[in-house]
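Report on the following structure.
The values are calculated or read from the model by the stated rules, or taken from the named source; none is laboratory data. Computed from a predicted structure; not experimentally measured. Counting neighbours? That spans all protein chains shown, and the Cβs are built from the backbone with ideal geometry, glycine included. Ligands, DNA and RNA are excluded from the accessible area calculation, which covers all protein heavy atoms including side chains. Shrake-Rupley method; radii C 1.70, N 1.55, O 1.52, S 1.80 Å.
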Amino acid sequence: RRSRRGRQAVVSTQSTGEQEKQERKGSDVVVDLVVTLEELYLGNFVTIQRNRPVYKESGGTRQCNCRMEMKTHMTGPGSFQMTQHRVCDQCPGLKLVTETEDLELEIEPGMVDGMVQKFSGKGEPHMEGEPGDLYFKVKTLKHPQFHRSGDDLYTNLTISLQEALVGFEMEIKHLDGHKVPVKREKVTWFGAVIMKKGEGMPNFENRNKLGNLYITFDVKFPRGELTAEEKDSVRSILKQASVQTVYNGL
């Protein structure tokens with residue numbers, strides 16, 4: 001912040017000192033607010049207990065608001081000299097004590113990592129100024145079933161070779177417990193992806209708008225050996241010619 005330049009040095013210096021006094025503030029505190037994907041889907045209220053250092057009056061006085069001021073001294077007719085002096089006020093004595101308080105935070109549906117909630121004046125104290133601010137920054141725990149990207153959700157589904165060939169029907173349990181039906185009647189190959197529209201995360205700005213759920217399929221092959229008759233049966237059913245091709249897949 002730029003201070004207004006005065007004609008006399010003493011005025012300019014005092015203005016700067018007042019400005020520094022106004023800007024004195026304790027350090028801000030940033031804390032990770034670790035939340036589950038379920039909480040970000042449904043929303044939640046959490047109460048956090050914080051032990052906060054604060055200054056309390058302890059009796060007596062102390063020097064405070066110290067600053068440097070310029071004073072002008074006449075040294076002779078038409079001449080003067082400017083000298084710098086340290087000037088302090090007298091303020092009540094202070095001691096640092098710890099206070100415990102409960103802070104209530106709202107986890108809103110659709111919030112994303114990095115979003116913050118601010119509590120003004122709940123940060124580190126300053127002996128000659130206002131305390132800093134406290135920020136809680138959203139950080140999502142890794143989920144065992146879903147991965148989030150924006151408003152979309154991603155998951156992997158492992159099926160058997162038989163299910164991949166003849167089809168299957170099942171349900172996936174969503175974050176709020178509702179069931180998402182998954183049905184395939186045709187061949188499902190390894191790495192195939194299907195989309196379930198509107199089964200993603202709620203949008204933070206518009207909760208009526210939902211992302212999508214993307215399901216990637218893994219195929220688990222059976223272990224063991226096939227008999228000669230079983231191999232002939234597979235060839236007879238698939239009627240698939242050889243497609244052996246060597247290529248650079250990177």
Q | Rounded percent of accessible protein surface that carbon and sulfur make up, the chain, 1.4 Å probe | A | 49
Q) How much accessible surface area, in Å² rounded to 10, belongs to the heavy atoms of ILE107 with a 1.4 Å probe? A) 0
Q. Taking 0.36 nm per residue of separation and subtracting the Cα-Cα distance, what length does fully extending LYS220 through GLU38 add?
A. 62.6 nm
Q. Given H placed 1.01 Å from N in the peptide plane, which residues other than close sequence neighbours of ALA192 have an amide H under 5 Å from its amide H?
A. PHE217
Q: With a 1.4 Å probe and every protein chain left in place, work out the accessible area per residue of the chain in Å², rounded to a whole number.
A: 71
Q. Got a sec? Charge dipole of the range 29-165, +1 on Cβ for Lys and Arg, -1 for Asp and Glu; which of LEU157, MET127, PRO92 is way out at the positive end?
A. PRO92
Q | Per-residue ³J(HN,Hα) for the range 122-134, Karplus 6.51 cos²θ - 1.76 cosθ + 1.60, θ = phi - 60°, Hz, x for Gly and Pro | A | 9, x, 6, x, 10, 5, 10, x, 7, x, x, 9, 10
(Q) Suppose each label sits 7 Å from its Cα in the direction of the beta carbon; what would the ASP113-MET127 distance come out to in nanometres? (A) 4.1
Q) Between VAL234, MET115, GLN145, whose Cα lies farthest towards the positive end of the dipole of the range 109-250 when Lys and Arg beta carbons carry +1 and Asp and Glu beta carbons carry -1, centred on the Cα centre? A) VAL234
Q.
Considering only C-alpha atoms, what is the centroid distance from the range 28-46 to the range 173-250, in Å?
A. 33
Q | Where chymotrypsin sites (Phe, Trp or Tyr not before Pro) fall in DSSP loop in the range 161-250, at most 11 other Cβ within 10 Å | A | TRP189, TYR247
Q) How much accessible surface area, in Å² rounded to 10, belongs to the heavy atoms of MET68 with a 1.4 Å probe? A) 80
(Q) Students often get this wrong, so check it: of LYS196/LYS239; LYS25/LYS139; LYS179/LYS209, which have C-alpha atoms separated by over 22 Å? (A) LYS196/LYS239; LYS25/LYS139
Q) Can you give the relative contact order of the chain as a percent, counting alpha carbon pairs under 8 Å and 6+ residues apart? A) 19
**Q.** Cα centre as origin, Lys/Arg/Asp/Glu Cβ charges: the chain dipole, Debye
**A.** 1100
